[in-house]
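Presented below is the structure to which this report refers.
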Amino acid sequence: MLIIAVKSTQTTNKSGTSGKGKPYSITEQEGWIDLANGERRKVRLTLQDGKPPFAIGEYTLGADSYFVGDYGALQLGRLDLVPLKAALAKVS
């Protein structure tokens, strides 16, 4: 199970105008994952418009994070993070 640790509620925002002339705004938060080889990596978590930052804690990927794309390939979409405790309680 992939575990994502959020250690701060601080976010950063990138905004501007796209090449097609449409305004955009992207809000991101920092998270950390531990890979199977023991390596720890920083990751950017993109927040959905209008959603508050994730609370400090541990999360895993929710079912809405995955979808079957073209030609039957399993892909990741926008991350749906679920608190780890809640995910583990569902499995038990």
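The values are calculated or read from the model by the stated rules, or taken from the named source; none is laboratory data. Small disclaimer: the values here were computed from a predicted structure and weren't measured. Every residue, glycine among them, receives a Cβ derived from its backbone with ideal geometry; neighbour counts consider all protein chains shown.
Could you pull out every one of the strands (runs of 3 or more DSSP E) wholly within segment 15-92 that has 1 or more residues that are among the hydrophobic types (A, V, I, L, M, F, W, C) and exposed (fewer than 12 other Cβ atoms within 10 Å of the Cβ)? Show your work before the answer.
On the way: elements: 23-34, 40-47, 57-61, 66-68, 74-76, 81-83.
Passing ranges, in order: 66-68, 74-76.
Looking at (1) farther than 21 Å from LEU81 by Cβ; (2) surrounded by 10 or more Cβ atoms within 10 Å (Cβ to Cβ); (3) among the basic types (Lys, Arg), can you tell me which one LYS7 breaks?
Condition (1) is where LYS7 drops out.
Just to verify a result, which residue in segment 77-92, among those that are charged (D, E, K, R) and touching a Gly at 6+ places or on another chain (Cβ under 9 Å), is farthest from GLN48 (Cα to Cα)? Show your work before the answer.
To start, the set of residues in segment 77-92 that are charged (D, E, K, R) comprises 78, 80, 85, 90.
Going one step further and asking which of them are touching a Gly at 6+ places or on another chain (Cβ under 9 Å), we end up with 80, 85.
Numbers: ASP80: 10, LYS85: 22 Å.
Across segment 77-92, the extreme among qualifying residues is LYS85.
Does LEU45 satisfy the condition of being closer than 14 Å to ALA5 by Cβ and at pLDDT 90 or above?
Values: closer than 14 Å to ALA5 by Cβ: yes; at pLDDT 90 or above: yes.
In short, yes.
Is there a residue in segment 19-33 that is under 22 Å from LYS85 (Cβ atoms) and aliphatic (A, V, I, L, M)?
At the first step, the residues of segment 19-33 found to be under 22 Å from LYS85 (Cβ atoms) are 29-33.
Filter once more, so that each one left must be aliphatic (A, V, I, L, M): 33.
Yes, because at least one residue in segment 19-33 is under 22 Å from LYS85 (Cβ atoms) and aliphatic (A, V, I, L, M).
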